[in-house]
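The values are calculated or read from the model by the stated rules, or taken from the named source; none is laboratory data. Because the structure is predicted, anything quoted here is derived from the model rather than measured. All Cβ positions, even for glycine, are placed from backbone atoms using ideal geometry, and neighbour counts span all protein chains on display.
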Amino acid sequence: MAVAEPIVRSRISLAEFAQLPEGPPDYEYERGELIEMPRPHPRHNGLAAFLFTFLDAHVRQNRLGRVFLDSLVAVLPDVVYAPDVFFIAREGAAEYDPESGQVTGPPDLVVAVLSPRGGEARDRVGKFEVLPGGGSGVVLDHRSDGARG
């Protein structure tokens, strides 16, 4: 059985977070806390990539919006996550700026793929608690055949 890696946290301002270079290490930001994210398990990455490919093809074919893989999204002004996969509808609340690459606002669908390397409690509950109205979330566990939404 894999041993979970600890999630490293430290205090930082949102302005300081915005100035960080791209990872690794990878970080998320939650109400003044910088949260270092452990590297995912290869099965985690495979499941996220498969789901992204499937959703992206459907969304593009039907011109429904955009699907993103492991990209930062400012869910709230003081909460910045990097969901494994997320979807923003053409007419949704989230906005994507292709020039800067920034996504702002709650996605219409967020998918968290669990990994044995840590962060499971945040992925199962914590991240979905901050999704304001309308957003949907699904948790996939690469260790089982089930999904929870």
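Consider R117 carefully, then state whether it is modelled with pLDDT of 80 or more and either of a type in the set (D, E, K, R) or in a strand (DSSP E or B) (or both).
Details: modelled with pLDDT of 80 or more: no; either of a type in the set (D, E, K, R) or in a strand (DSSP E or B) (or both): yes.
The answer is no for R117.
Just one of D141, D123, D108, D97 is at pLDDT 80 or above and either closer than 22 Å to G32 by Cβ or surrounded by 15 or more Cβ atoms within 10 Å (Cβ to Cβ) (or both); which is it?
Details: D141 fails: at pLDDT 80 or above; D123 fails: at pLDDT 80 or above; D97 fails: either closer than 22 Å to G32 by Cβ or surrounded by 15 or more Cβ atoms within 10 Å (Cβ to Cβ) (or both).
Exactly one of D141, D123, D108, D97 is at pLDDT 80 or above and either closer than 22 Å to G32 by Cβ or surrounded by 15 or more Cβ atoms within 10 Å (Cβ to Cβ) (or both), namely D108.
Being buried (at least 19 other Cβ atoms within 10 Å of the Cβ) and touching a residue at least 24 places away in the same chain (Cβ under 8 Å) is the requirement here; does V80 meet it?
Numbers: buried (at least 19 other Cβ atoms within 10 Å of the Cβ): yes; touching a residue at least 24 places away in the same chain (Cβ under 8 Å): yes.
The answer is yes for V80.
Just give me the residues in the range 52-86 being assigned to a loop (DSSP other than H, G, I, E, B) and in contact with a strand residue (DSSP E or B) (Cβ under 7 Å, 6 or more places away or on another chain), in sequence order.
First, pick out the residues of the range 52-86 that are assigned to a loop (DSSP other than H, G, I, E, B): 62-64, 70-72, 77-78, 82-84.
Those that are assigned to a loop (DSSP other than H, G, I, E, B) and in contact with a strand residue (DSSP E or B) (Cβ under 7 Å, 6 or more places away or on another chain): L64, S71, L72, A82, P83, D84.
Determine whether V103 is in contact with a helix residue (DSSP H, G or I) (Cβ under 9 Å, 6 or more places away or on another chain) and either assigned to a strand (DSSP E or B) or surrounded by fewer than 18 Cβ atoms within 10 Å (Cβ to Cβ) (or both). Step through it out loud before you land on a result.
Working: in contact with a helix residue (DSSP H, G or I) (Cβ under 9 Å, 6 or more places away or on another chain): no; either assigned to a strand (DSSP E or B) or surrounded by fewer than 18 Cβ atoms within 10 Å (Cβ to Cβ) (or both): yes.
Considered against the rule, which asks whether it is in contact with a helix residue (DSSP H, G or I) (Cβ under 9 Å, 6 or more places away or on another chain) and either assigned to a strand (DSSP E or B) or surrounded by fewer than 18 Cβ atoms within 10 Å (Cβ to Cβ) (or both), V103 comes out as no.
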